[in-house]
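Bear in mind these aren't lab numbers, they're just calculated from the coordinates by the rules spelled out. Since the structure is predicted, the reported quantities are computational estimates derived from the model, not experimental observations. Every residue, glycine among them, receives a Cβ derived from its backbone with ideal geometry; neighbour counts consider all protein chains shown.
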Amino acid sequence: MSNLATKVAVIGSGISGAVCASALARNGISVTIFESGRGPGGRMSQRREIAEDGREFVFDHGAPYFTASNPGVLGLVQEWESRGIVASWNEKFGSFDFASKKFVDIEEEPSSQKYVGIPGMNSICRALTLEPGITSRFGLGVAKVEWLESEGSWSLTGFNGEDLGIFKGVVASDKNTFSSRFTNATGRPPPLDLSIEPEVALKVKEVPVVSCFAVMLAFEQPLTLIPVKGFSFKNSDILSRAFCDSSKPGRSSSSERWVLHSTGEYADKIIARTGFQKLSSALLSEVAEELFQELQRTGLHIPRPLFLKAHRWGSAFPATSIAVKEKCFWSGNKRLAICGDFCVSPNVEGAILSGMAAASKFAELPVSSL
Ligand SMILES: Cc1cc2nc3c(=O)[nH]c(=O)nc-3n(C[C@H](O)[C@H](O)[C@H](O)COP(=O)(O)OP(=O)(O)OC[C@H]3O[C@@H](n4cnc5c(N)ncnc54)[C@H](O)[C@@H]3O)c2cc1C
């Protein structure tokens, strides 16, 4: 069988899967990443958009930045900085209060160092998936992960029924691989049937999620009445945060680009109208317009943007963390790891910690078992 040389399959190329794959490969384990999206990054994505006049704009429409405090994560971040794929985003942040129509809590000194990928948030995952020992297959979602008892291996099948190969181990880095949300969205059973591993199934729980709309805006001129480059909103039912994408290091400054995030409540209200079906472009335009108009209500003289578009994140943030201590789920018998931000904390640092923990489980196995 052609794939026997490949040892571990990592499902998902978000930061948890990418960090895990990188650590496995550095440990001499050959890895194949399967990613249903067109490129790496997951919720640390970057999006290229073309305006009506043909101008191209790039936005970090998922996580705008991340922070780190764990020494192991900080060590990785330092390595990424030295490779030029991460830099500090040293701008002022604050809050805008709709009640007083004023900026409040503007940081004199940043409360924590903010990091961004260079030139996009997805650059870290991209660089990791290109490391030696890793084969990455994008646009290839895994529909079925089957344990072959007689071979002591896993067989993976793609969404179109394609045979993706046999693997000695599997890392599932997205909760949808085992959750009923996958069934709600696709009408199919989740790829990974955890009933074959009762001990893990007992511990893994459905994870409720918080949804979010991100709205991307490009302006000809800087928004000079905004004194900060990132802020949260107080007393808005619609907007939660705003970030000036074009102020990040390594980005083009030929236009002023902002990304707005909706509140979870606003996103829920819209999603209640449609379920998790693909949203019509009319509804996405309505969302974009509503968030933009709320921004205009700040009174900060926000002109009509050159470009305005909304993106739905149905599962932006896990609402609970289900493996805070262990950081991942692990079946040594079957060499199955489950990781992702939903295990540790709903942010990039939590996802990195979980990916690192999953890789370390494989490192504890006797060499002969892989
Ligand atoms: C709008 C928004 C704002 C955010 N703001 C912040 C912030 O300010 N700071 C911060 O630290 N974090 C923030 N986050 C959260 C952060 O982005 C996530 O915690 C982190 O990126 C999660 O990484 P992950 O690897 O666990 O999951 P993901 O990034 O979701 O990766 C999972 C990957 O698996 C793939 N996949 C799923 N199923 C399959 C399958 N069957 N086959 C193949 N591939 C599959 C998915 O396509 C995806 O690429 C934000 C997120 C969003 C959406």
Quiz prompt | Binned Cα-Cα distance frequencies in region 257-316 - 10 Å width, integer % | solution = 19, 55, 23, 3
Practice problem: Give me the distance in nm between label points sitting 7 Å out from Cα along the Cα-to-Cβ direction at residue 193 and residue 111, one decimal. | Solution: 4.7 nm
Quiz prompt | Unsatisfied cross-links (Cα-Cα over 25 Å) in the set 7/144; 92/269; 248/327 | solution = 92/269; 248/327
Quiz item: Where in region 243-269 does the label zone of residue 48 land, with the point 7 angstrom along Cα→C-beta and an amide N cut-off under 15 Å?
Solution: 252
Quiz item: How many nm is it between the label spots at residue 38 and residue 269, if each spot is 7 Å from the Cα in line with the beta carbon?
Solution: 3.2 nm
Self-check item: Part-to-part distance (alpha-carbon centres) for region 161-218 and region 68-129, which is given in Å
Solution: 28 Å
Quiz prompt | Computed [θ] at 222 nm, helices only, for the chain once each DSSP H run of length n ≥ 4 contributes -39500 (n - 2.57) | solution = -7000 deg cm²/dmol
Quiz prompt | Dipole moment magnitude, nearest 20 debye, region 1-148 about Cα centre, only Lys, Arg, Asp, Glu C-beta charged | solution = 560 debye
Exercise. For residue 74 and residue 203, compute 0.36 nm times the residue count separating them, minus their Cα-Cα distance, and round to one decimal in nm.
Key: 43.5 nm
Quiz prompt | Order of 123, 232 - criterion: other Cβ atoms within 10 Å of each residue's Cβ, fewest first | solution = 232, 123
Self-check item: Rh (Kirkwood; distinct C-alpha pairs) - region 194-307, Å
Solution: 16.3 Å
Exercise. Write down the radius of gyration of region 1-81 and its Dmax, each obtained from C-alpha positions, in Å.
Key: 16.4, 51
Quiz item: When only Cα pairs under 8 Å and 6 or more residues apart are kept, what is the percent relative contact order across region 91-235?
Solution: 28 percent
Quiz item: Hey, any idea what Rg/Rh is for region 40-104, computing Rh the Kirkwood way over Cα pairs?
Solution: 1.10
Quiz item: Residue by residue, what Karplus-based ³J(HN,Hα) values in Hz, rounded to whole numbers, does region 171-181 have, using 6.51, -1.76 and 1.60 with θ = phi - 60° and x for Gly and Pro?
Solution: 10, 9, 10, 9, 4, 5, 5, 10, 9, 5, 4
Quiz prompt | Stokes-Einstein D (µm²/s) once Rh is taken as the Kirkwood radius of the chain over alpha-carbon pairs, at 20 °C in 1.002 mPa s | solution = 100 µm²/s
Quiz item: Given H placed 1.01 Å from N in the peptide plane, which residues other than close sequence neighbours of residue 136 have an amide H under 5 Å from its amide H?
Solution: 33
Quiz prompt | Nearby aspartates and glutamates by direct alpha-carbon distance to residue 278 (threshold 18 angstrom, same-chain neighbours under 8 apart not counted) | solution = 268, 286
Quiz item: For residue 283 and residue 368, what does the FRET efficiency come to when R0 = 56 Å and r is the distance between their Cβ atoms, rounded to the nearest 0.05?
Solution: 0.55
Quiz prompt | Unpaired by the 4.7 Å Cβ criterion, cysteines found in the chain | solution = 20, 125, 212, 244, 343
Exercise. Return the FRET efficiency for the residue pair residue 104, residue 135: r is the Cβ-Cβ distance, R0 is 41 Å, and the value is rounded to the nearest 0.05.
Key: 0.25
